[in-house]
Structure formats: C-alpha cells, structure tokens
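The values are calculated or read from the model by the stated rules, or taken from the named source; none is laboratory data. Bear in mind that the values here come from a model prediction, so they are computed numbers and not experimental data. A quick note on method: Cβ atoms are made from the backbone with ideal geometry, for glycine too, and the neighbour counts reach across all protein chains shown. To get the accessible areas, we keep the full protein, side chains included, count just its heavy atoms, and leave off ligands, DNA and RNA. Shrake-Rupley method; radii C 1.70, N 1.55, O 1.52, S 1.80 Å.
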Amino acid sequence: MSGDFADTRRDFLMGAEDLLRRAAAAERRARTAIAAAAQDFSVPDSLRLEEATRNGMTALLAQWIGAAERQLADFATPGAGGTFPLLCAAGLLNDWALTEALIGQVRQDQLAKALPHQAPRDPAQPSLLSRFVDHPAATIAEAARDLLYAASCSEDPEAGGRRAPRHLQARLLWWVAAAMREQAGSRADIAFDEALCTAVRAALVVLDASSRGAVEPVAMRFAAAVGASLHPVPYLLLEALRDRRLVLFLAILAHAARIDYADARALALDREPDRLLLALHAVGVERDGMAQIGFLLCDADRHRDVAVLADRLDAVVALDRADAATVLAALRLDPAYHAARAAIRRGAMTGWVEGAR
Amino acid sequence: MPDEASPLAIARLDAAGRLIDAEPLLSALNSRAGGRIGAPLAVPGIAALASLSHRLGIHISRAVVAADGETELDLWVRAGPDRGGVRLEVSGWRPRAAWRPATDPDRERDFFRTYAELRWETDASLRLTFVSPDAGAHYGFDPRTMLGQPLTRLFALAQDMEGQLPILSAVSARARFDGQRAEVRGTGQWVQLEARPRSDPAGRFAGFVGAAHGAAGGAPAVARGTAAPASIPQLAFPPGFARRLERALQGPLARIIAAAEAIADAESDAPVHADYVGYAADIAGAGRHLLALVEDLADLQSAEQAALATASEAVDLADVARRAAALLAIRASDAGIAIAPPPAQAMLRVTGDFRRVLQVLVNLIGNAVRYSPSGGTVRITLEQEDGIGRVVIADQGKGIPARDHERIFEKFARLDPAEPGGSGLGLYIARRLARAMGGDLTVESAPAMGARFLLSLPLRD
C-alpha cells in the first residue's frame, strides 16, 4: 500500500506541474484574446471590411498559397491537408503588405468588372489594344499582344489562378515551406530542411522567368513601350477606361506619373476623389477628361459620390500643376521610407504590445 | 434604348435648371408633370441627369424611366453643356412593356462554357479581344497571334445555304446568330460559330460574346421553304440527364431564391444592414441565373433529342389542341382566364410528331395564359390553305412590337425576365421542332392588339 501511495503521489506531482504549465499558457492566451478583441472593437465601422471584399481576399490568398504549395508539392505530407490553417493560426494574415496587396487586387477586380461597356464612336475603329497590335514598331505591337494574351489568361479560370505580386511571392514561399516543415514533424531531418530551402530558391528563379498569371507587369511594359510620344496620356487614360481595361489605365497612369503600379491603384481605388484628381491634373489631364474618368468610376462603384466629384473638380483644376504634383512626389520616395514611417505611426496609434509581430 | 425610328425631343435649360424651350413631346410630358417654361424641369429623372451634367460639365447619357399618368415611359436621355446651360436630347418614348428582351451576356457565356471548348469575344469592329487560351492546342493555332486581329483571321467563314453570312446579318441587325459555319483557318477543321451581341447602356453594338463547337457531321433535315436549321451543340450528357438535373435542382434553388428575396425585400425598419440587403439581392439573382441555366441545358438536350428523332405520322391538330387546352385548364382558371378550344367535332389532319406538336402547343397556350389580362380569353382556332394546316393561338395581352417578331424566337429571348420559371429557350425550341416536322411557327401581333401564334404543318388527306 505504501508503494501505491508513493506512486500516486509522484503521479500527482507530475500532474500538478502539467496543470500549472497549462494554466500559465491559458492565462497568456486569455491576455492575447483580450488584446485582439480590443483591436477588433476599436476599429470604426467605416473602416471595416465589406463581406464581399473579405471573402474575395480569403479566396485570393488561398489561390496564392495554393500556387506556392504546388511549387513545393514534393515536400507535402500526405494527409496533412493544406498549409492555410497553420499559417492563419500563426498570424500570417495580420500583415500590412499582404493585406494591402490582397485588398488592392480584390477591389481592382470588383471595379473593373463593374465598368460599363461602351460602344465606340466610330464602329469601324478597332478597340485600343487591337489598334496597337497593328503598330509598325515591333516592340509596341508585341507588348500589345502580350497584354491581350495575359488579360485573356487571367479571365479564363481554367488557365490557372492569380499570382501574388513579386515582392510577396518570396515571403509566401518561405512561409509555406516552413508550414510544410512543421507538418512533416518527426519525418523531417536536416536533409529535408536543406532540400526544402533549395526547392524554394529554385521556385523563385522559375517565378522570375515566367510571366503567366501576372497582368500588371505586362501592362506596365506596354505603358513603357508606348510612352507619351504616340498619343497624349489623357487620351490613352480615357480610352483605356472606356474599353474596361482598368489594369491598363492604372499602368498608363503609373508610368506617366512615375510611380509604382500599386500606388496608382491605391489612388484610383480611393473612394474620395481628391488624390486621383490631383494625380490626373499633374499628368496633364484637362477638366473634361477628369470629369469623364471620375464619372465612369462613380458609375462603377456605388460608394462613390458624384456630388463630391463635382465639388472637387473645379478646386483641383484651379491648382497649379506643379502643386498638384506634390502628391505624386511623396509617392516617389523610397518605399522602405514610407513603410518605416507608417510603422512608427501605427505603433504610436495602437500601443499594442502583447504578441507583437 | 434609342433606335433610328424613335422620336427625338430636344430641350434647353438655363444655368439654374429652368426650362428655356422644349420640343412638343418633352414639353407635353413636362406639363403633365406640373412643369412649365421658365420653371425647373418637373420630370425628376431627367432633371437629375441635367443637373449632374451641368455640375460635371460633360455629356452624360442614361436610361430614365419617367412616370406619365398611369403608365411609365422608357426614355433615353442625353444631357450636355450648352451656352452655360444644359441641352437635352430625349429619345425612346416607349411605354414600359411587360415584355423586355433579356440582356444578360454573363448567362450566355456560362452557357457556352458547358459545351464549347473554344470561346471568343470581339470588340465592335470584330477584332478578337478574347480567345480561350487553351483551345489553341486543341485546334492547332496560337491564340496569342490571333488577339487583336479581325475575327476572320481565325475563322474562314462559309456562306450558308442561301449564300448569306449569318454573322454579317447579325452585326447589322445587332442580333445574335448561330449556324455560321467556319474553318479554323489553316487547320482544315470545321466549326459552327454562334454569338450574342454585347450592347452598351444605349443599346449600341459593342462586340460579340461567342463560341465555336465542332460542326455535326451529315446534313440536317431541310424544312420546306426554310433554310437548313443549324446543328444543335452536342451535350455530352446521357439521355434525359439534364432534365433530371433540372428537377433535382429546382426545389433547392427555389428555396434559395425565396429566402434571399425575403431578406432583400425586408422593410427598412428591420435590422438588416444595407450591404446585406444588397448581398441578398445578389444571391437571389445568382439563384435565378443558375435556375435559368439548368432549364436551358435541359431544354437544349430535349431539342437535341427531338431534332434527331421526329416521327412523321398522322396527327389531328384539333385533337392535340383540345388536349393541350385541357392540360392548362387549371392554370388558366387560377389566373381568371378562359381558354376557347376548337369545337369538339372539328378535325384537321396534318403530318407531324404527336408528342412534339403537343409540346409546342402547351408552350404556346401557356405563354398566352401568362400574358393575358385577367378575365380575358385565349382562343384556339384552325385554318387550312395551300396544303398547310394551321392552329392559331390568340391572346388579348399587350402584344409584341414588329421589331421583336423575329427576336422572340431567338435563344434566351425570355418573355418575362422577372419570372423565375419559363424557359428562355421555349419559343426557340418550339420553332425548331415545327421546322424539323416540315412546318413553321410564326407570330402576328402589334402593341395593344394581342398576339397570334401560328403553328403550320403539312396537310395530310
């Protein structure tokens, strides 16, 4: 009997340690939950994601992660399922750059889809890109053809999904690789790790070489090939939007304003018209053109207020072009500088310490 | 939507939105709405458009529905800056009809996806703007080199049996077409092209959404005096599958649509966030879209089977008409509509397929019941002349304008887009069946004069 007592007591002690460990972990989780709830609670309704956008972002991220998983398929553990849940639990989604890219893509697609079809003034005149396909300069014709093809591929769901922007692809690949390593568990050893890293580096090289699934860079190349010499930028901008080629519109704007595509997109997706109007003014679009561009965007997005557009138009036009260009000048500063400034401002705003990234 | 024949009324407003002058049609409408020269425009939709155009300083064109007494008018309004004020051009001037041709390019594109490997789209000048990227490997061409090129670079078009190119007629008529045979240029492979026109909000032609499928081998039956019917695309389903699928999906889809509409129609004091009301409306719309798609597939498969096998037997049109009327008697009386079938002793023997004739007549009488005013009568009469036996279904509904007499027989010309049931392929298939039996299906109608549908078949002694 005394032996039993001793055994029971030892088990009891081990049970107690385990319990205390668990209690400490539970307390940490409870504090994290309150911190997350505080952040969620403090977000004003006007800043909340719409369900449609949120769902679009989830679906798109699943595509991006799926693409990364396919590239590393050799390292998947059979029966372990996808890496998405693991990455979610690890807090992957709470990433500024990732969110910005997801929202940008999803809302760009929503806006492009909602643009109205327009019949041309002259029915015999081919649409914008079709005209450029005939251009005598081979670089321009090729660039136009590439853009039409890339756009065709992106519209066809069977032709493969969307790709993440280049600056995120590397990050996603590493994350997915790490998740796969965790899923492999005891099966993995240092050789597995080395092979995985080699595979990621090889996958990055392959991604650099291929252009399928990426319409935006192709559009930027076209915008660069055409330049401003052939047609005035205001004309191209309006024609692109009338032709429902939103990506081309953004690429032309980005190129003319000498800013990144993502920045041009952010200007256009902004439901307040001020920044876009300033940018358009700075690249030489006249009042009429600005009104027509603004009106097309209002038609396509019910959250935009045409009255606000009308109000701002005259004010923006009255500005000196050089002054209007200051909004663009800020965008041209180094992205790392902007990111660091933004991070400092965010840190000051939330003061969130628990579970900091 | 504007067309060349519709009247145009011009008006001018001053900088404060007051009416300076207006041509008679618009002036009269404005007066009836309580306005006058020198006062702001009294028709709300037009006034709002004018104000917007004035503030933005650009030309804007929009469809406006204007209430005019008991009726509503479909107007197309163009507003633009003019000497500090606004100039208005108002066309259309058609009463809002119950019958509106459905315009839904997305539905066509989904439909094409079910049976066509090669889909294509063009701009208004018929340059290719989209080609299925993976179809090139199958047919032996490089999609990348075809984009931006004229459609004819990819497809060498063949004339039909009357020496016409269906696609050209379709462009000038801004209509859909099928049965344009073509060779995928340079490959020796023959396909059948079909497409539907895209319109901009003003109704102008903005390109085609199209598909190509393998042309069926062998010559289809030629109906007397009519062009050879285009071969129906082959659905790779087992026989009857699509109809069973339709029945299986109808129940759940109807529930989805009903529930979503209940949310969308929620009163504003119910605690439903505005966004969710929009989502609910989207769900209902998508549900109806899906239901329509499945119905169309089922009907298409029926038509495919029917066209392959129409019997050629003695049919008594009077007898079939009476049976069809009996089948619809309950639905008619529920709607307060009487059906007047041919008298019990009447007889009219023709050559046809009993089941198919019954199917066509049920479709026609069903439509007539749907479009008759309560208390009205659907009359079924018989005629014969020149070796043709005819059954005529006449209703007292709103009638069909002449310009739509051919359009209603096209695929997806849904008679009432708001109604969840009712196949968009009904009249299309009915006419195909009629022609496959050696006869025809035509319509006689004018607005406010009801409609008469005439099914003609060869007489048999």
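Miscellaneous remarks
- Electrostatic bookkeeping for B:PRO150 treats Lys and Arg as +1 and Asp and Glu as -1; over the other residues with beta carbon under 14 Å from its beta carbon, the sum is +1.
- Two-decimal Rg to Rh for chain B - Kirkwood Rh, Cα set: 1.00
- Residue order by solvent-accessible surface for B:HIS213, A:HIS117 is A:HIS117, B:HIS213, largest first, with ligands and nucleic acids left out and a 1.4 Å probe.
- Angle between chain A longest axis and helix A:233-242 axis [Cα atoms, degrees, rounded to 10]: 70
- Normalising the average separation of contacting C-alpha pairs (under 8 angstrom, six or more residues apart) by the number of residues puts the relative contact order of chain A at 18 percent.
- Measuring nothing but how far apart in sequence close Cα pairs (under 8 Å, 6+ apart) lie, relative to its length, chain B scores a relative contact order of 11 percent.
- 15 Å beta-carbon shell around A:HIS231, net charge (K/R +1, D/E -1): -1
- Exposure ranking of A:MET220, B:MET437, B:MET449 by accessible area [1.4 Å probe, largest first]: B:MET449, A:MET220, B:MET437
- Divided by 2.2 N^0.38 Å, where N counts the residues, the Cα radius of gyration of chain A comes to 1.26.
- Overall, the protein assembly as shown carries a charge dipole of about 340 debye about its Cα centre when +1 sits on the Cβ of Lys and Arg and -1 on the Cβ of Asp and Glu, all other atoms neutral.
- Within the accessible area of the protein assembly as shown (1.4 Å probe), percent carbon and sulfur: 56
- Chains A and B, summed buried accessible surface - 1.4 Å probe, Å², nearest 100: 3100
- Against the main long axis of the alpha-carbon atoms of chain A, helix A:306-318 sits at an angle near 60°.
- Using the 1.4 Å probe convention, the accessible area of region B:241-308 works out to 54 Å² per residue with neighbouring protein chains retained.
- Neighbourhood charge, 9 Å Cβ-Cβ cut-off, centred on B:TRP190 and excluding it, Lys, Arg +1 and Asp, Glu -1: 0
- Counting only whole DSSP H helices of chain B, the ones at least 24 Å long by C-alpha along their axis and with mean Kyte-Doolittle hydropathy no lower than -0.5 are B:241-264, B:274-308, B:354-371.
- Panel note: the C-alpha atoms of the protein assembly as shown, placed on their principal axes, show extents of 107, 89, 63 Å (largest first).
- Computed E for A:LEU93/B:ALA137 - FRET, C-beta separation, R0 30 angstrom, nearest 0.05: 0.20
- For peptide B:192-204, the mean count of partner chain Cβ atoms within 10 Å of a residue's Cβ comes to 2.
- Heavy atoms of A:GLU272: accessible area, 1.4 Å probe, square angstrom to 10: 100
- Using the rule -39500 (n - 2.57) for each DSSP H run of four or more residues, divided by the residues of chain B, the 222 nm mean residue ellipticity is -11000 deg cm²/dmol.
- Residues of region B:128-163 buried by at least 50 Å² of accessible area upon assembly of all protein chains, compared with the chain on its own (1.4 Å probe): B:THR129, B:PHE130, B:PRO133, B:ASP134, B:ARG144, B:LEU147.
- Area accessible to solvent at B:MET347, 1.4 Å probe radius, in Å²: 130
- Remark: mean inter-chain Cβ contacts per residue of A:107-120 equal 3, using a 10 Å Cβ-Cβ cutoff to other protein chain atoms.
- Residues A:ARG131, A:ARG332 ordered from highest to lowest accessible area at a 1.4 Å probe: A:ARG332, A:ARG131.
- Overall form of region B:313-458 per C-alpha gyration tensor (a/c, 1.5; a/b vs b/c): oblate
- Spatial offset of region A:19-49 relative to region B:111-133 amounts to 51 Å, using the alpha carbon center of each.
- Listed residues B:GLY439, B:THR187, B:GLY375: farthest to the positive end of the dipole of chain B (Cβ charges): B:THR187
- Whole-Å distance, taken between Cα centres, linking region B:1-55 and region A:96-133: 34
- Acute angle (nearest 10 degrees) that the helix A:2-42 long axis makes with the longest principal axis of chain A, alpha-carbon atoms: 20
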